Amino acid sequence: MSGRAVLNVGMRFLSVVAIMFLPLSSAIAMELTAQQRAYLDRLGKVTMCVDPDWQPYEHMDEQGNFTGIASDLVEIISQRLGIPFVIVPTVDWQETLVVSREGGCMLIPFLNQTTEREEWLDFTEPLFVAPNVFITRNEHDFISNPSELVDRTVVLPHGTSMEEFLRRDYPNLDIITVDSEHACYRMVSEGKADMTLRSLTIAAYTIRKDGWFNLKIAGQPPEPHYVNHLRMGVLKETHELTDILNKAILTITPREREEIINRHVNIEFVQAVDLAWFIRLIVFIGVLLTVSFYWNHRLKNALAALRETERSKSVLIANIPGMAYRCLYDRDWTMQFVSRGCRELTGYESEELVDNRVVSYNSLIVPEYRESIVEQWEKARSSKLPVELEYRIITADKTVKWVYEKGVLIYDDHDNVLGIEGLIIDISDRKAAEEKLSYLAATDELTGLWNRRHFMQALQQEILRARRYGQPFSLLMLDIDHFKAINDRFGHDVGDATLRHFSMVITGNIRKVDIFARTGGEEFMLLLPRTDLDGAYFIAERLRKYLETSPIPADLDPFHISVSIGVTVYTPEIAEPDQMLKIVDDALYEAKKTGRNRSVKKTLTSI
């Protein structure tokens, strides 16, 4: 991998991690209610199960001592609550999960929140945040999109949340599980697996400590849930403990976390002289990148330069994907600093946004999003948590882009808001892909019509709308007569052409507001908003007669098709979509039973 490519990897890490490590606030005084104090007194102690082999996060040494980043954080909480935390020994992480599920300990101090674990655990606010990264051998290409990998194996320790996420999001990857963290790195190093997915903190620690000369960091999954938000998992039976632990967690300052990380990962934090706010943005991830790429000789000089000079830090932040910023907390989001990524993101130069000299950032936001963005920041002011937003902006050349923003409010010593610091990146490609997937999931591949799933959702919404506003709507069920005979006579290619021709004829003779869907082999549904029963019957007959005069092209001779149609209308007595479908199905059955090529209308009262 070239130096530029590897540096781009670092930039990707930086864009995810830097905002997460911005200081949220100064220390918050912890106040417990009398009931909470009494509850702790009754407990006497808090029992917990840990992962005995997850360095530098958690480790049980041969003397039974609990050490690591998690241990130090738990010790702070124990001191501030005035209650001891007692280890319930387990052999490995699998046994820890089993003992916890069976109620053998009150909490697990350091784990990700997953749907499976929520079955027996409540979760606190995060104790520690760090991204997960792919670790590969040096010859492996950079991983920009894990879904494009084919015949690749990923090795993970048993029972991790990342295993659950990878199996769900990337079924193209083959998952191998092993007993220990060390075994993951060994299998990748020896070529028995293509990669592993581990915490960036652990990767930096392990690669340095164990000397894996042939390993490197090769990328990061794009989804936000691949960032470790390590929390305390508390048994649901002791849920009162969750609120108490949250109060203690909020008292842990960013400085205390930095000191704990330094102790275990041997990271030296650079003190800011000038430009203090953006040094906080990059210093932690810059040092981690230095440790991670220590054995990559091709980047040795570049990474040393990043540590040594403020100029290099400026280069780094200037090349962050998207726009790093600091702004005032006002309705214009008046920018005090924006990185050079501003031009690529917005079409404006950085100086044009600073102090609203040419344009305010708020004026770039599509108007429909402005109030909801203000509301989200107001909530953050109360909760003092980071804000994540997705919205659209209009650039200088009038292009509309989707952007993702993550930032935090900055406070002074008196808890007054000084401003906001954060990062904004372009996610238009991801949004376009999501919209394409959403469209494909809702349409029929052969005809391009809506499929049954989408139609049922539309029908449910139309019923709710009819109840609220009292407007009628009707439903048609259409079935091509003797369709099996067409397949038998001409073959399935002609059968498919018939379905497409039928779809085009109907689509060309209905309104844009009407919803036409293929719900079965030769069965179709047509929803007609603001249409009563007589109007729907008239439309059904018009469509039926038009089809009779529209021949289907075939290799030998064109032929004609006919259609049987059931018609019904919504009435207030109908509570569920299935009731309406039953009525229109009965009407279609009668149309076919009485000779086909006809329309029959029925209502709830006529059944």
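Values in this text are rule-based calculations from the coordinates and carry no lab data. Quick caveat, the model's predicted, so the values are computed rather than measured. Note: ideal-geometry Cβ built from the backbone for every residue, glycine included; neighbour counts use all protein chains shown.
Between the amide H of residue 177 and those of 156, distances stay under 5 Å, these residues lying 5 or more places away or on another chain, with hydrogens modeled in the peptide plane.
Here the mean projected area of the convex hull built on the C-alpha positions of the range 137-204 is 4.6 nm².
Projecting label points 7 angstrom from Cα along Cα→Cβ for residue 210 and residue 375 puts them 4.9 nm apart.
Here residue 247 is the anchor, and the lysines within straight C-alpha reach of less than 20 Å, apart from those fewer than 8 places off in the same chain, are 45, 236, 379, 384.
Loop-resident GluC sites (Glu not before Pro) (DSSP state other than H, G, I, E or B) in the range 170-257 with no more than 13 further Cβ atoms inside 10 Å of their Cβ: 190. Straight-line reach from residue 602: taking Cα to Cα under 21 Å and skipping same-chain neighbours fewer than 8 places apart, the lysines in range are 545, 582, 592, 593. When the square roots of the Cα gyration tensor eigenvalues are ordered a ≥ b ≥ c, the ratio a/c for the range 47-136 is under 1.5, which makes its shape rounded. Restricting the range 383-483 to trypsin sites (Lys or Arg not before Pro) that sit in a DSSP loop and have at most 16 other Cβ atoms within 10 Å of their own Cβ leaves 384, 398. Shape descriptor for the range 439-535: Rg over Rh equals 1.02 (Cα atoms; Rh from the Kirkwood inverse mean 1/r). Could you work out, for the range 372-473, what percent of all Cα-Cα pairs fall into each 10 Å distance bin, beginning at 0 Å and stopping at the bin that holds the largest distance? For the range 372-473, the pair-distance distribution reads 12, 24, 23, 25, 12, 3, 0. Starting from the Cα of residue 192, draw a straight line to each of the lysines and keep only those under 21 Å, dropping any in the same chain fewer than 8 residues away. Excluding near neighbours in sequence, the set is 216. Find how much the distance from residue 573 to residue 158 grows on full extension, using 0.36 nm per residue of separation minus their present alpha carbon separation; answer in nm with one decimal. Residue separation times 0.36 nm, minus the Cα-Cα distance, leaves 144.0 nm. Taken along its principal axes, the alpha carbon cloud of the range 323-428 reaches lengths of 42, 25, 19 Å, longest axis first. Calculated on C-alpha atoms, the gyration radius of the range 443-606 divided by its Kirkwood radius gives an Rg/Rh of 0.97. Applying the criteria of a DSSP loop state and at most 14 other Cβ atoms within 10 Å to the GluC sites (Glu not before Pro) of the range 400-506 yields 445. Each residue in 339, 372 was given a count of other beta-carbon atoms within 10 angstrom of its own, and listing them fewest first yields 372, 339.
Relative contact order for the range 130-227: 50 percent, from Cα pairs under 8 Å spaced at least 6 residues apart, divided by residue count.
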